[in-house]
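S.K.: Mind looking over this structure? Questions follow.
Just so you know, all these numbers are worked out from the coordinates, no wet-lab data involved. What you are looking at is a predicted structure, and each value in this text was computed from that prediction instead of being measured. Because the Cβ atoms are built from the backbone with ideal geometry, glycine has one as well, and the counts that use them run over all protein chains shown.
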Amino acid sequence: MASLSAARRLVVKIGSALLVDRDTGAFRGDWLHALAGDVAQTASRGTQVILVSSGSIALGRGVLGLGHGALALEQSQAAAAVGQIRLARAYEEALAPHGLVTAQVLVTLEDTADRRRYLNARATLEQLLTLNVIPIVNENDTVATDEIRFGDNDRLAAQIAVTVGADQLVLLSDVDGFYSANPQSDPDAIRFDVIDRITPEIEAMAGDAGSGLSKGGMKTKLMAARTATQGGCAMAITDGRPAHPLAALDTGAAATWFQPLDDPQTARKRWIGAMKPKGALCCDEGAARALLAGKSLLPAGVHRVTGSFGRGDPVSLNDAAGHPMGIGLTRYTAAEARLLMGRHTREIETILGYPGRAALVHRDDMVL
């Protein structure tokens, strides 16, 4: 089984029920401060940590006096707008005593599906992690429509884990793992310690409707596990209700670990390699050698641009003779690439009117 102490990059998903008491609506500040201690301890080992947190609607509805019943869409969005401020402040206040800087990142599932927005989100998160900041990712419920429903942050956490190439994802839940049946109603239910592959039999155990300990909540977690493991990320489901849940998991607390199918980099390269190019960037001999040595493709090394493509689209990377060397995700449109080809990176702002990224295709976004 995976160990948190071995994680290079860790994503932790926190459900709203862990932050806000369902019966009283009170914020569980002591629990969050205990979790902050876990995050600080994990970060001190050199692990980069991203938190994907629910809770904005639950916090906001209490402030607005919206009660415990079902909310209309516009009420949910209003509650999220009020709650997001409080949620971000709570994380900042909990992590600051440990010397950790936080940042709020609001995204939707669509942001990780659209290649251009995917690259934007990835670049932002990468930069925050490089600066030793703890990103607090929350679904942007103020503009979401059908996204506001139970279980989306499980899937969002998995998408974020794949986006940043995390090697571990932990879903802090109200159940200590994946069971063969609902443990509340079936005394013979068995918890799995490790699941190597999500089979049709495993899927059938997840069931249909419900939430939390019931089977519907587990179905969304299984969807998250499929996304994470296909992206090379191990995923754990564990009980997040006790104080210091990450420390408990690291010392052997009950959990189910879903094993990754590949490492994150291999999975990402396979994903890019399967794409159909929408154009081509033809490199000079020096740039071709640089690519083979593991470097990014800079504008100065491109002498011809073909096709029509947008930012984030796949393009063929060709050598000086026009032979394909590989595929990469471009950081510029075809029109911009034509303006930049053969030019030095210091000229990008003068040519485009804004300070763009140095590489046309970054080495992390290509496969040769």
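S.K.: Tell me the angle of helix 73-95 to the major Cα principal axis of the chain, expressed in degrees between 0 and 90 and rounded to the nearest ten.
M.R.: 90 degrees
S.K.: Continuing with the same structure: Counting only C-alpha contacts under 8 Å and six or more residues apart, can you give the relative contact order of the chain as a whole percent?
M.R.: Working: 773 pairs, mean separation 53.2, N = 368.
Relative contact order of the chain: 14 percent.
S.K.: Using unit Cβ charges (K, R positive; D, E negative) and no other charged atoms, how large, in debye to the nearest 20, is the dipole of the chain about its Cα centre?
M.R.: Values: 37 positive and 40 negative charges, 251 e Å.
Roughly 1200 debye, rounded to the nearest 20.
S.K.: Want the number for residue 295 to residue 180: 0.36 nm per residue separation, take away the alpha-carbon distance, what's left?
M.R.: Gain on extension, residue 295 to residue 180, equals 36.7 nm.
S.K.: Relative to the longest principal axis of the chain, what angle (0 to 90°, nearest 10) does the C-alpha long axis of helix 215-230 take?
M.R.: Orientation of helix 215-230: about 30 degrees from the principal axis.
S.K.: I would also like to ask the following. Calculated from DSSP H runs of 4 or more alone, at -39500 (n - 2.57) each and per residue, what is the 222 nm mean residue ellipticity of the chain, nearest 500? Please report the intermediate quantities before stating the final value.
M.R.: Numbers: 14 runs with 144 residues, N = 368.
The helix-only estimate for the chain comes to -11500 deg cm²/dmol at 222 nm.
S.K.: Pull out a ≥ b ≥ c, the square roots of the eigenvalues of the alpha-carbon gyration tensor of region 44-93, then state rounded if a/c is under 1.5, prolate if not and a/b is larger than b/c, and oblate in the remaining case. Let's see the in-between values first.
M.R.: On the way: a/c = 3.38, a/b = 2.58, b/c = 1.31.
Prolate shape, in that a/c is at least 1.5 and a/b is the bigger ratio.
S.K.: What FRET efficiency comes out for the pair residue 188/residue 259, r = Cβ-Cβ distance, R0 = 35 Å, nearest 0.05? Could you put the intermediate results ahead of the total?
M.R.: Values: r = 25 Å, r/R0 = 0.72.
After rounding to 0.05, the efficiency reads 0.90.
S.K.: Here's something else I'd like to know. Classify the chain from the C-alpha gyration tensor, please: rounded if a/c falls under 1.5, else prolate or oblate depending on whether a/b exceeds b/c.
M.R.: On the way: a/c = 2.08, a/b = 1.72, b/c = 1.22.
The shape class here is prolate.
S.K.: Taking H placed 1.01 Å from N in the peptide plane, check which residues at least 5 places from residue 55 or on another chain put their amide H under 5 Å from its amide H.
M.R.: Counting only residues 5 or more places away or on other chains, the set is 16.
S.K.: Would you order 102, 251, 229 from fewest to most other beta-carbon atoms within 10 Å of each residue's own beta-carbon?
M.R.: On the way: 102 21, 251 11, 229 24.
With the fewest neighbours first, 102, 251, 229 line up as 251, 102, 229.
S.K.: What ranking do 309, 258, 27 get, fewest neighbouring Cβ atoms within 10 angstrom at the top?
M.R.: Lowest count first: 27, 309, 258.
S.K.: Moving on to the next point. Whole-Hz ³J(HN,Hα) for each residue in region 346-352, computed from phi via Karplus 6.51 cos²θ - 1.76 cosθ + 1.60 with θ = phi - 60°, x for glycine and proline: what do you get?
M.R.: Those phi angles translate into 5, 8, 4, 5, 5, 6, 8 Hz.
S.K.: Explain nothing, just compute: Karplus ³J(HN,Hα) = 6.51 cos²θ - 1.76 cosθ + 1.60, θ = phi - 60°, for every residue of region 320-331 in order, whole Hz, x for Gly and Pro.
M.R.: 4, 8, x, 7, x, 9, x, 10, x, 9, 6, 9
S.K.: Give the long-range amide H neighbours of residue 195: residues separated by 5 or more places, or on another chain, with amide H under 5 Å away, using H modelled in the peptide plane at 1.01 Å from N.
M.R.: Sorted by chain and number, the residues that satisfy this are 257, 258, 259.
S.K.: Please give the contour-minus-distance gain from residue 363 to residue 3: 0.36 nm per residue of separation, less the Cα-Cα distance, rounded to one decimal in nm.
M.R.: That pair, residue 363 and residue 3, stretches by 126.7 nm at full extension.
S.K.: Moving on. Nearest 5 is fine: what % of DSSP beta bridges in the chain come out antiparallel, could you say?
M.R.: Details: 19 of 50 bridges.
Within the chain, antiparallel bridges account for around 40 percent of the total.
S.K.: Moving on to the next point. Which of the lysines could a cross-linker bridge to residue 278, judged by Cα under 19 Å and excluding same-chain residues fewer than eight apart?
M.R.: Output for residue 278: 269.
S.K.: Could you give me the ³J(HN,Hα) list for region 243-255, computed from phi with Karplus coefficients 6.51, -1.76, 1.60 and θ = phi - 60°, whole Hz, x at Gly and Pro?
M.R.: So the J values, rounded to whole Hz, are 5, 6, x, 6, 4, 5, 4, 5, 10, x, 4, 4, 6.
S.K.: Under the rule of at least 5 residues apart or a separate chain, name every residue whose amide H is placed under 5 Å from the amide H of residue 298.
M.R.: When sequence neighbours closer than 5 places are left aside, the close amide H contacts are 360.
S.K.: Right, next: Of 132, 242, 80, whose Cα points farthest to the positive end of the dipole of region 4-268 (charges on the beta-carbon: +1 Lys, Arg; -1 Asp, Glu; origin at the Cα centre)?
M.R.: Of 132, 242, 80, it is 132.
S.K.: Going by a ≥ b ≥ c, the root eigenvalues of the Cα gyration tensor, does region 288-350 fall in the rounded group (a/c under 1.5), the prolate group (a/b larger than b/c) or the oblate group?
M.R.: oblate
S.K.: Right, next: In which sequence would 271, 257, 31 go, from the one with the fewest C-beta neighbours within 10 Å to the one with the most?
M.R.: Details: 271 14, 257 24, 31 20.
So the residues, fewest neighbours to most, are 271, 31, 257.
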